[in-house]
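J.: My questions will all concern the structure given below.
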Ligand code: ADP
């Protein structure tokens, strides 16, 4: 289970999904529907962008959930949470969440995967900030996300939408 807001999905997230598929046959990308958090993209938009950018990956299921991740995982009979770790700044929050989830359900394990070095500083929020003011994010988000950011902000955020190989990168 790879949970998150994915507002929007980036190559950093996709790098983690690809790495998860090297370990697991199936990965559920679970988009959190959190009414108290304002998102740029609707749930349908976020799921559409993930579906389109993982269309070539076998074993990816995209779903949404509300409430406690541990309840949702019990319903889906999933037992491993995958999270991505970027810089040290992710660590404290992720550590807290993982320990709390362990308290809620001892049978669920959390594993942390590192993205390629190239994506270590990529975040959905920095992508939104940059593209809001017309910056180019094509290196960090898939073409469908570039298109939808452009529609949202009414600007041209990207050119040359070629998806780089993430896994063949020795970093
Ligand atoms: P949240 O709102 O729960 O932080 P996100 O959608 O931002 O969710 O991220 C989901 C997960 O993906 C988190 O574990 C986050 O640390 C991880 N993640 C986000 N961007 C990257 C990246 N560039 N590289 C590796 N992991 C990432």
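J.: Say whether the condition of being assigned to a loop (DSSP other than H, G, I, E, B) and farther than 28 Å from residue 126 by Cα is met by at least one residue in the range 94-104. Reasoning before the result, please.
T.: First pass over the range 94-104, keeping only residues assigned to a loop (DSSP other than H, G, I, E, B): none.
No: the range 94-104 contains no residue that is assigned to a loop (DSSP other than H, G, I, E, B) and farther than 28 Å from residue 126 by Cα.
J.: Can you pull out the residues in the range 88-135 that are over 28 Å from residue 148 (Cα atoms) and in contact with a strand residue (DSSP E or B) (Cβ under 7 Å, 6 or more places away or on another chain)?
T.: Keep residues of the range 88-135 that are over 28 Å from residue 148 (Cα atoms), which gives 88-89, 91-112.
Within the range 88-135, 94, 98, 101, 108, 109, 110, 111, 112 meet the criteria.
J.: Follow-up question, since we're still on this one. Taking the range 23-41 as the region of interest, how many residues are more than 15 Å from the chain's Cα centre (by Cα) and closer than 20 Å to residue 131 by Cβ?
T.: Here the count works out to 2.
J.: Report, by residue number, each residue of the range 107-154 that is near the ligand (Cβ under 10 Å from one of its atoms) and in a loop (DSSP other than H, G, I, E, B).
T.: 114, 115, 116, 120, 121, 122, 123, 140
J.: Name the one entry in 18, 44 that is without any contact (Cβ under 8 Å) to a residue 24 or more places away in the chain and either within 13 Å of the ligand (Cβ to nearest atom) or not in a loop (DSSP other than H, G, I, E, B) (or both).
T.: Details: 18 fails: without any contact (Cβ under 8 Å) to a residue 24 or more places away in the chain.
The conditions single out 44.
J.: In this structure, is residue 89 on the phi < 0 side of the Ramachandran plot and surrounded by fewer than 15 Cβ atoms within 10 Å (Cβ to Cβ)?
T.: Considered against the rule, which asks whether it is on the phi < 0 side of the Ramachandran plot and surrounded by fewer than 15 Cβ atoms within 10 Å (Cβ to Cβ), residue 89 comes out as yes.
For (1) surrounded by 22 or more Cβ atoms within 10 Å (Cβ to Cβ); (2) modelled with pLDDT under 95, each residue gets a yes or a no:
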position	(1), (2)
6	yes, no
9	yes, no
19	no, no
22	no, no
34	no, yes
42	no, no
51	no, no
60	no, no
63	no, no
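The values are calculated or read from the model by the stated rules, or taken from the named source; none is laboratory data. Model, not experiment: these values are computed from the prediction. Positions of Cβ are generated from backbone atoms using ideal geometry, with glycine treated the same way; all protein chains shown enter the neighbour counts.
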